[in-house]
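K.L.:
Pasting in a structure now, in structure tokens, and then I'll have a few things to ask.
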Amino acid sequence: MRVLVTGGAGYIGSHTVLSLLSAGHDVVVADSYANSKPSVVGRLEDLSGRAVPAHAIDLTDAAATDRLFATEQLDAVIHFAALKAVGESVVKPLEYYRNNLDSTFSLAAAMQNHGVTRFVFSSSATVYGEKAPVPYREEYEHLSATSPYGQSKVMIERVLADVAQVTDGWKVALLRYFNPVGAHESGQLGEDPQGVPNNLMPYLAQVAVGRRDHLTVFGDDYPTADGTCERDYIHVMDLAEGHVAALEHLDVMSEPVRPFNLGTGSGTSVLELLRSFERAVGRELPYVVGPRRAGDLPAFWADATRARKELGWAATRTLDEMCADTWRWQSQNPQGFPDA
Ligand code: UDP
């Protein structure tokens with residue numbers, strides 16, 4: 001298939017481009033580079049040995065998005081491009097709703113206009129909200145999220161379901177990610193957050209490489225085994241391969257729209273992740289225990305059964321591999337990707 005990957009220069013998008021190319025698909029990247037660097041595309045070409053056509057485009061521009069579909073012959077869309085900082089979304093709700101919804105509207109309209117029917121959407125475990133029982137299962141119906149970022153995912157899932165109901169041939173996979181970490185095993189591709197990282201793994205990686213003094217563990221008085229929060233960390237290459245499996249499943253999917261959890265099915269605490277990262281680096285890393293972070297849930301992980309049964313996909317890479325690959329990327333690229 002010839003697949004449009006929006007946000008293809010971003011963290012999960014870029015790794016998915018590589019997995020798609022390895023699986024024999026053709027890829028067209030669309031990225032605004034608002035939160036990524038164009039130099040990523042060169043890395044993708046070097047790593048794959050293939051040309052990766054890339055369009056600098058803001059998908060909230062519906063006319064420009066439609067022109068892209070008129071220029072490129074596309075069979076499917078994998079939509080990663082979005083604003084994704086949970087805390088920032090609380091401060092700038094309009095920006096988040098407008099960007100994340102408008103870009104999806106543009107894409108859906110262009111797909112309808114040009115007869116493209118296959119869509120894989122980058123959703124999030126955050127759609128399960130605060131009340132869902134753990135482990136999270138796709139059948140859970142009362143989706144809601146505490147942040148505008150998360151709520152934009154809830155809303156887009158609903159928009160896509162409504163459109164798919166009335167558009168002939170539409171098949172939409174809603175992929176609910178747990179906590180993506182790790183990097184491509186080459187060390188040439190990884191997560192490159194702008195500014196101070198919000199997430200645990202990139203923060204830890206920057207402590208290890210000397211860009212930050214120490215990690216602050218947000219709370220050690222949770223009702224968990226060691227008192228720190230537990231999350232379902234998943235290697236970004238497993239996640240990328242999950243996208244390929246979902247894409248290839250669309251034509252035989254039982255329903256027009258179907259959610260799939262992409263997680264490992266088990267939880268890891270902040271301190272367990274820290275210890276694994278220390279093994280990867282080969283030394284102890286400085287940390288202090290601070291107060292809880294507002295809005296953090298004590299523990300959640302995926303029920304990963306549906307993806308295994310229906311997509312024939314399961315995460316296989318271990319926590320130690322996630323940390324070793326992150327460290328290879330960060331130590332070889334201490335300042336992230338080059339600007340040009
Ligand atoms: N965390 C932490 N220190 C940090 C960043 C995160 O202790 O500097 C903890 C956070 O409280 C949560 C876990 O690490 O329990 C994962 O946080 P992250 O922001 O990576 O993902 P989330 O699950 O919140 O989306």
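K.L.:
May I ask you to list the residues in region 170-192 that are away from the ligand (no atom under 16 Å from the Cβ) and either free of Cβ contacts under 8 Å to residues at least 12 places away in the same chain or among the basic types (Lys, Arg) (or both)?
P.N.:
Matches in region 170-192: Lys171 only.
K.L.:
Pick from Thr126, Thr104, Thr117: which is among the hydroxyl-bearing types (Ser, Thr, Tyr) and more than 17 Å from the chain's Cα centre (by Cα)?
P.N.:
So the residue among Thr126, Thr104, Thr117 that is among the hydroxyl-bearing types (Ser, Thr, Tyr) and more than 17 Å from the chain's Cα centre (by Cα) is Thr117.
K.L.:
Between Arg292, Arg258, which is among the charged types (D, E, K, R), open to solvent by less than 40 Å² (accessible area, probe 1.4 Å) and out of contact with any Leu (no Cβ under 6 Å at 6 or more places or on another chain)?
P.N.:
Exactly one residue qualifies, and that residue is Arg258.
K.L.:
Keeping to region 116-130, report how many residues are in a loop (DSSP other than H, G, I, E, B) and either basic (Lys, Arg) or touching a residue at least 40 places away in the same chain (Cβ under 8 Å) (or both).
P.N.:
3
K.L.:
Moving to a separate point now. Which members of region 203-217 meet the condition of being in contact (Cβ under 8 Å) with a residue 60 or more places away in the chain and under 18 Å from Arg328 (Cα atoms)?
P.N.:
Hits for region 203-217 are Leu204, Ala205, Gln206, Val207, Ala208, Val209, Gly210, Arg211.
K.L.:
Assuming Asp238 fulfils every condition listed in (1) open to solvent by less than 50 Å² (accessible area, probe 1.4 Å); (2) more than 9 Å from the ligand (Cβ to nearest atom); (3) within 23 Å of Thr316 (Cβ to Cβ); (4) touching an Asp or Glu at 6+ places or on another chain (Cβ under 7 Å) apart from one, which condition is it?
P.N.:
Evaluating Asp238 over (1) open to solvent by less than 50 Å² (accessible area, probe 1.4 Å); (2) more than 9 Å from the ligand (Cβ to nearest atom); (3) within 23 Å of Thr316 (Cβ to Cβ); (4) touching an Asp or Glu at 6+ places or on another chain (Cβ under 7 Å) leaves (4) as the failure.
K.L.:
Can you name the strands (runs of 3 or more DSSP E) wholly within region 6-104 that have at least 2 residues being open to solvent by 20 Å² or more (accessible area, probe 1.4 Å) and farther than 22 Å from Val172 by Cα?
P.N.:
Those strands (runs of 3 or more DSSP E) span 54-56.
K.L.:
Taking into account only those residues within region 201-225 that are of a type in the set (A, V, I, L, M, F, W, C) and closer than 12 Å to Val289 by Cβ, which is most open to solvent (accessible area, probe 1.4 Å)?
P.N.:
Phe218
The values are calculated or read from the model by the stated rules, or taken from the named source; none is laboratory data. Computed from a prediction, not measured in an experiment: that's the story for all the values here. Because the Cβ atoms are built from the backbone with ideal geometry, glycine has one as well, and the counts that use them run over all protein chains shown. Areas reflect the complete protein model, heavy atoms only, side chains present, ligands, DNA and RNA absent. Shrake-Rupley method; radii C 1.70, N 1.55, O 1.52, S 1.80 Å.
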